[in-house]
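The values are calculated or read from the model by the stated rules, or taken from the named source; none is laboratory data. For clarity, every value in this text was computed on a predicted model and none was experimentally measured. Here the Cβ is made from the backbone with ideal geometry for all residues, glycine too, and neighbour counts use every protein chain on show. Just so you know, the surface numbers come from the protein's heavy atoms only, side chains and all, with ligands and any DNA or RNA stripped out. Shrake-Rupley method; radii C 1.70, N 1.55, O 1.52, S 1.80 Å.
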Amino acid sequence: IVQSNTCANPANLGNGGTLSGVINTYYPATASVTAGTGNTTIPVGTARGAAATIAAGDLLLVMQMQDASINSTNTASYGNGASGAGFTAINNSGNYEFVKASGPISGGAIPITGSGVNGGLIYSYTIAAATGVKGKSTYQVIRVPQYATATLSSTLTASAWDGSSGGVLALDIAGALTLNAATVSVDALGFRGAAGLQLNGGVAGANTDYVHTSPATYTGVVTAGVDGGKGEGVAGTPLWVEVANTFLSTGTDGYPNGGMARGAPADAGGGGTDGGQAANDQNAGGGGGSNGGTGGSGGDSWNSTLGIGGVGGAPFPSTLGRIGLGGGGGGGSRNNSPGDAQASSGAAGGGIILFRVGSLTGTATLTANGATAYAGTLNDAGGGGGAGGTIVVLSAGGGEGGLTVQARGGTGGNAWSAQPFGLADRHGPGGGGGGGVVYLSGAGSINVNGGLNGITLNPGVAYGATAGTTGTPVTNAQISQGSGTHPEPAVLRT
């Protein structure tokens, strides 16, 4: 194999010892850059994650996190133009490559040398606000430690995706990575679920809506508005997301034409469209997020019994050179359950694990599971489960048989599941998250199952909610394929 000009400095950090906590440093990009323009600088913002700073020779990962275009009309054509879900063009979403830092950050930009034309980037990368046909676009630059050898621990993880950076655990080992019977998790560190806003109607809308704008402010049950919110994904970010049991405003509606109602933008779950728009009281469930597998549909509206739950997210078209975070679940429509902070919220998707190693020894469990939506919702709808994330392990010297790998979809949220069964009491549960994506260079134990749908009442019924489907497991992935191998794993550089 010919040595790449972005070889950086393999093993430059020596023996990494036992790896713990967050080892990557994340830099949110602040401006677009173009492929093939020779020596390149990448403008970046304030770093987060590990404290290490960039020096000449460091290995960096550049990854486009969001960039998809969708049909944003308020019809069943939302998404891919035919099914109420999906995208019209994936654009650069998920594209990534490894580059070499040619010096420290200067003037708010990282100087790099890549494997593209004239030592530039292979791909162009985009930062942009949402437009009428395209959601918010983001990419990030991640410092990837280069060790000679290292040992895993069960505390090794990534910083959660925050809308501009994070969500990825990346590692480059020239020699042996000792698995150490560790369990390494990036569960629920991917795209975020929709906030379960408690709304009381009072605005124009129809129970046929696929999209409309989000409430500009949120004050609780007195807030005017209808329907559940969309989850976050490669086509953008809604105005309201759920983070650590609280509702966070992202500052702007990062989806074309808004972030509410049942249409599913790309891999994110759609929100439940309410069957009683005047009071927002006919609660339909949120759709599950997607990655390798399709997200499940949200359950039907309360006593109007309409099939208007959130549509599940559409699969992300992964390859070894194009990967993504798990899509966030959509929110159920909610007007009751005061004081219940998580009620009706969608759940977060799984993050990304990307290991390139000389060899693997021992056993370990690696997980990038989507989160399960909140199961304690009272007489309101459930939110959608988060999709499984992505795990890539490329080992030149084998050892993949010691790996147990999970990128499962999360279960959809329940809706009044403690209430004794009665037809008049059914509310829409959440759809299950789709299974994730796994690429291994050899055979290992892989689980990319979709998440189960939530239920309503006791004994529970699905009431229109569906499970997420199985994701994408790939073994014997070729190390020489895809942009993710620029440069090759350290042990293969000659």
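Amide H contacts under 5 Å for residue 109: 44, restricted to partners 5 or more places along the chain or on a different chain, H placed in the peptide plane at 1.01 Å from N.
In this structure, residue 15 and residue 478 have a Cβ-Cβ separation that, at R0 = 30 Å, corresponds to a calculated FRET efficiency of about 0.55. Taking the Cα of residue 303, stepping 7 Å toward and past its beta carbon, and measuring to each backbone N in the stretch 325-353: which are under 18 Å? Within reach of a label on residue 303: 334-337.
Between residue 216 and residue 34, the contour length at 0.36 nm per residue exceeds the alpha carbon distance by 62.1 nm. If you work out semi-axes √(5λ) of the Cα gyration tensor in Å from the coordinates, which of (1) 45, 28, 19; (2) 38, 27, 24; (3) 40, 23, 17 do you get? The value matching this structure is (3). Short-range pairs are left out: with C-alpha atoms under 8 Å and at least six residues apart, the relative contact order of the chain is 15 percent.
The Cα center of the stretch 96-123 and the Cα center of the stretch 279-344 differ in position by 38 Å. Tell me which aspartates and glutamates have Cα within less than 15 Å of residue 100's Cα, excluding those fewer than 8 residues away on the same chain? Qualifying aspartates and glutamates at Cα under 15 Å: 58, 172, 488.
If I take R0 = 35 Å and measure r between the Cβ atoms of residue 279 and residue 89 in this structure, what FRET efficiency does the formula 1/(1 + (r/R0)^6) give, to the nearest 0.05? It comes out at approximately 0.35.
Given R₀ = 41 Å, what would the calculated FRET efficiency be for residue 53 paired with residue 443, taking r from the Cβ atoms and rounding to 0.05?
Computed FRET efficiency for residue 53 and residue 443 comes out at 0.60.
Rolling a 1.4 Å probe over the protein heavy atoms gives the chain an accessible area of 30 Å² per residue. Coupling constants for the stretch 344-350 follow from the phi torsions by the Karplus curve (6.51 cos²θ - 1.76 cosθ + 1.60, θ = phi - 60°), and in residue order they are 6, 6, x, 9, 7, x, x Hz; glycine and proline get x.
Ignoring ligands, DNA and RNA, please state the percent of accessible area on the chain from carbon and sulfur, probe 1.4 Å. Can you show the working numbers first?
Working: 7830 of 14630 Å².
Answer for the chain is 54 percent, counting heavy atoms of protein chains only.
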